[in-house]
Amino acid sequence: MAERKENVVMFPFMAQGHLIPFLALAVQIEQRRGYTVTFVNTPLNITKLRSSLPPNTTIRFLELPFCSADHGLPPDSENTDVLPYPLIVHLMEASLSLKPSFKRLISDITDQQQGYPPLCIIADMFFGWTIDIANEFGIFHTVFNAGSAYGMAIYNSLWLHLPHCKTSSDEFLLPDFPQVSRIHRSQLSNQLKTADGTDSWSIFLQRVLPQWLNSDGLLLNTVEDLDRTGLHYFRRKSGRPVWPIGPTVSSMTRARPSKDANCLEWLDIHPPASVIYISFGSQNTVSASQMMELAMALEASNKNFIWVVRPPLGFDINSEFRAVEWLPDGFEDRMSKCKRGLLVRKWAPQLEILSHKSTGAFLSHCGWNSVLESLSHGVPIIGWPIAAEQFYNAELLDEEIGVCVEVARGNGCEVRHVEIASVIEMVMDENGKGGDMRKKACEIKEMIKDAIRDDDEGYKGSSVKAMDEFFN
Ligand code: UDP
């Protein structure tokens, strides 16, 4: 086979919610589109990503020198499955130090000291500064954003204008997003709530978020028919091409194949659609008291569940598991004895769990990767948003799409176990709202399937067409 020369350089931020969809996109570009892909990241991440690739890929990995401990972060922060949310901004700031080494790397590639000259750079939204380097070398540049268009549009607008700082009212309008009528203060993350333009989050995000506007276009991990309002915002704001190419992660391109058979065997012994899967993603946890309420609700609801459990806020996430401080006495033993509940420490094979027929609902923080993975399998969502754009994803899913019920409406609200139990009851009940949500989730599953369809009769779904346009 002739050697492939056209080289796409990909550079994601070092957090699982970014690395996973980027790697899946890299696999797609390499295997289905036939380009050479050079995947740039830090040494620790590359070691891990390399081992999680599907067979037959020839993605090239190039390292940039980076060690989180040099930036006052806990050792190996750039490589953890679970990076506590408050540390993310420090990691984002620290990543600015990668600029000279990324420039050197592009220069080496361009001089063919490191493979073939780059046809294009696909960079993370937090690495908008790569545009200057692309311009210097005359390379096409695009940003790949792993969030929903709707969620990211609101997130952009809020961080750029901080409208909540200019009013004392609980509800306010977004200055450049007329399609969204109102935002409520309770839909703000802790970082936004305390932002005043001089804090480290504002300073960093107000600098990096607008940078993508200078890019040659924007790739989004979303689906045209699912996310029209947000896509309209980005198209109008940038006047540049916006390509919704998602979802990049599918069972075929899974970046992290499961090695944990335990969960799947456990699911095998339960009836179809009878298990609730619970996970708050790779960065977020709830408070000790909310974990206690959730556990009590699960026990009272009499439903089966798999729960990815991590130490709550205020506890060291990597410390030894001392559940006694945040779960009811004997909870795990009781649940395990009657095979009602399985607690998984820190990390679960999420895609495999969501694709299992026994999974009936996903109690999720509404990170966009989780949302797409759930809907791709027709699994309705119980929303418990915690940070970033998750509140707006939950709103989109609940109010516009009808596949989600929010159990915790608003940041900082303390939910009691009776309320959680009643939402679980409603969603798991086939009659009534639960049944409607499942039906709607199955329709969305078909919509997503259609978007990524590329068949022998020449049919191309919207995400495939967007990808064609991007490469054209
Ligand atoms: N994930 C997983 N197992 C876990 C937790 C997370 O496989 O126990 C994966 C999940 O499938 C998704 C990603 O990590 O692909 C999390 O991304 P998301 O956007 O949902 O949330 P974030 O972690 O960025 O908040």
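Residue-by-condition table, conditions (1) within 11 Å of the ligand (Cβ to nearest atom); (2) β-branched (Val, Ile, Thr); (3) over 22 Å from residue 88 (Cα atoms); (4) in the same structural domain as residue 417 (by TED's automatic domain parsing):
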{"position": "366", "(1), (2), (3), (4)": "yes, no, no, yes"}
{"position": "369", "(1), (2), (3), (4)": "yes, no, no, yes"}
{"position": "372", "(1), (2), (3), (4)": "yes, no, yes, yes"}
{"position": "377", "(1), (2), (3), (4)": "no, no, yes, yes"}
{"position": "387", "(1), (2), (3), (4)": "yes, no, no, yes"}
{"position": "390", "(1), (2), (3), (4)": "yes, no, no, yes"}
{"position": "393", "(1), (2), (3), (4)": "yes, no, no, yes"}
{"position": "400", "(1), (2), (3), (4)": "no, no, yes, yes"}
{"position": "405", "(1), (2), (3), (4)": "no, yes, yes, yes"}
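Within segment 249-277, the set of residues being in a loop (DSSP other than H, G, I, E, B) and modelled with pLDDT under 95 comprises 249, 250, 254, 255, 256, 257, 258, 259, 260. For residue 445, indicate whether it is basic (Lys, Arg), in the same structural domain as residue 299 (by TED's automatic domain parsing), in a helix (DSSP H, G or I) and within 23 Å of residue 20 (Cα to Cα). When the stated conditions are applied, residue 445 passes them.
Taking the criterion of being buried (at least 17 other Cβ atoms within 10 Å of the Cβ) and within 15 Å of the chain's Cα centre (by Cα), the residues of segment 81-98 that qualify are 82, 83, 84, 85, 88. Are any of the residues in segment 403-417 part of a helix (DSSP H, G or I) and either at pLDDT 95 or above or within 22 Å of the chain's Cα centre (by Cα) (or both)? Yes - at least one qualifying residue is present in segment 403-417.
The C-beta contact set for segment 345-371 (first residue touching a residue at least 40 places away in the same chain (Cβ under 8 Å) and among the charged types (D, E, K, R), second residue crowded, with 22+ Cβ neighbours inside 10 Å and not in a strand (DSSP E or B), distance under 7 angstrom, 6+ apart or interchain) comprises 346/310.
So, in segment 341-364, of the ones that are more than 8 Å from the ligand (Cβ to nearest atom) and among the charged types (D, E, K, R), which residue ends up surrounded by the most Cβ atoms within 10 Å (Cβ to Cβ)? Going through the qualifying residues, I end up with 352.
Residue-wise test of (1) outside any helix (DSSP H, G or I); (2) away from the ligand (no atom under 16 Å from the Cβ); (3) touching a residue at least 24 places away in the same chain (Cβ under 8 Å); (4) not assigned by TED's automatic domain parsing to the domain that holds residue 308.
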| site | (1), (2), (3), (4) |
| --- | --- |
| 89 | no, no, yes, yes |
| 101 | no, yes, yes, yes |
| 114 | yes, yes, yes, yes |
| 123 | yes, yes, yes, yes |
| 131 | no, yes, yes, yes |
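Looking across 305, 331, one residue alone is away from the ligand (no atom under 13 Å from the Cβ) and in contact with a Leu (Cβ under 8 Å, 6 or more places away or on another chain). It is 305.
Of the helices (runs of 4 or more DSSP H) lying entirely inside segment 146-214, not one is found with 3 or more residues being touching a Phe, Trp or Tyr at 6+ places or on another chain (Cβ under 6 Å) and surrounded by fewer than 19 Cβ atoms within 10 Å (Cβ to Cβ). Of all residues in segment 30-39, one or more are crowded, with 21+ Cβ neighbours inside 10 Å, touching a residue at least 60 places away in the same chain (Cβ under 8 Å) and within 26 Å of residue 211 (Cα to Cα). Identify all residues within segment 274-291 that are away from the ligand (no atom under 16 Å from the Cβ) and over 16 Å from residue 339 (Cα atoms); write none if there are none. Matches in segment 274-291: 287, 288, 289, 290.
Considering each of 12, 21 in turn, give the residue that is crowded, with 19+ Cβ neighbours inside 10 Å, within 27 Å of residue 200 (Cβ to Cβ) and in contact with a strand residue (DSSP E or B) (Cβ under 7 Å, 6 or more places away or on another chain).
The conditions single out 12.
When residue 143 is tested against the conditions (1) β-branched (Val, Ile, Thr); (2) under 14 Å from residue 13 (Cβ atoms); (3) within 16 Å of the ligand (Cβ to nearest atom), the lone failure is (3).
Among the residues of segment 54-62, at least one is within 16 Å of the ligand (Cβ to nearest atom) and modelled with pLDDT under 95. Looking only at residues of segment 278-307 that are β-branched (Val, Ile, Thr) and modelled with pLDDT of 95 or more, we find that the one that is farthest from residue 18 (Cα to Cα) is 306.
The values are calculated or read from the model by the stated rules, or taken from the named source; none is laboratory data. Predicted model only: the values in this text are computed from it and were never measured. A quick note on method: Cβ atoms are made from the backbone with ideal geometry, for glycine too, and the neighbour counts reach across all protein chains shown.
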